[in-house]
1. Find the residue count for segment 71-86, including only residues that are farther than 21 Å from Leu31 by Cα and either in contact (Cβ under 8 Å) with a residue 60 or more places away in the chain or loosely packed, with under 13 Cβ neighbours inside 10 Å (or both).
2. Any residue in segment 111-127 that is touching a helix residue (DSSP H, G or I) at 6+ places or on another chain (Cβ under 7 Å) and within 29 Å of Ala149 (Cα to Cα)?
3. Within segment 91-117, track down each residue that is in a strand (DSSP E or B) and free of Cβ contacts under 8 Å to residues at least 12 places away in the same chain.
4. Does segment 135-150 hold any residues that are open to solvent by 80 Å² or more (accessible area, probe 1.4 Å) and at pLDDT below 85, and which are they?
5. Could you figure out which of (1) open to solvent by 40 Å² or more (accessible area, probe 1.4 Å); (2) farther than 24 Å from Ser90 by Cβ; (3) not β-branched (Val, Ile, Thr) isn't true of Ala154?
6. State all residues of segment 26-60 that are touching a strand residue (DSSP E or B) at 6+ places or on another chain (Cβ under 7 Å), among the charged types (D, E, K, R) and either outside any helix (DSSP H, G or I) or over 23 Å from Phe93 (Cβ atoms) (or both); if no residue qualifies, say none.
7. Hey, among Glu132, Glu67, which residue is assigned to a strand (DSSP E or B) and open to solvent by 60 Å² or more (accessible area, probe 1.4 Å)?
8. Among the residues of segment 87-108, which ones are farther than 20 Å from Pro38 by Cβ and open to solvent by less than 50 Å² (accessible area, probe 1.4 Å)?
Amino acid sequence: MSRDARFADGGEAPLNLRAESAEDLAVIAALVQDAVLPVSEIRYEPKAHRLSMLLNRFRWEDKARAEAAGRTYERVQALFVISDVLKVASQGFDRQDGDLVLSVLDVGFEPGADGAGRVVLTLAGDGALAAEVECLAVDLRDVTRPYGAVSGQAPHHPE
């Protein structure tokens, strides 16, 4: 995990991660679990071989500190970018429905031949977004300052 320079007002530095292996991607997957995004914030740029999404993610990396300090849980907007994309496919939702809001359950990599494969975002409601890639290259970068979660609570996952 790396941090860029602090925000201009001296606030905590934004998260900036890059995954080039399945293990790296597992870290990013943990941080984007429960992220939400409107379909309108998904952009596929075929000429640039890039799929980008603006996520509203829960700050899992800050959960323990927030609990210890008795403060509100936080969310942050983050840019999630998959590079070296050859093709994108969706399942269980209409990519033209810009008002639809998706919830990320998991992100994984299905390896193919010679480093190629598929990066798959598993979505709530049996949806999925898959990017066929030449190699695994995923970036996650916070782009706003953290803000209090509307509910003030962390997402809960029953065991």
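1. 1
2. no
3. Glu110
4. Val150
5. Ala154 satisfies all of (1) open to solvent by 40 Å² or more (accessible area, probe 1.4 Å); (2) farther than 24 Å from Ser90 by Cβ; (3) not β-branched (Val, Ile, Thr) except (1).
6. Across segment 26-60, the qualifying residues are Asp34, Arg43, Arg50, Arg57, Arg59.
7. None of the other options fit; the residue is Glu132.
8. Selection gives Gly108 alone.
The values are calculated or read from the model by the stated rules, or taken from the named source; none is laboratory data. No experiment lies behind these values; they were computed from the predicted model shown. Reconstructed Cβ throughout: ideal geometry from the backbone, glycine too, with neighbour counts over all protein chains shown. Accessible surface areas use protein heavy atoms only, side chains included; no ligands, DNA or RNA. Shrake-Rupley method; radii C 1.70, N 1.55, O 1.52, S 1.80 Å.
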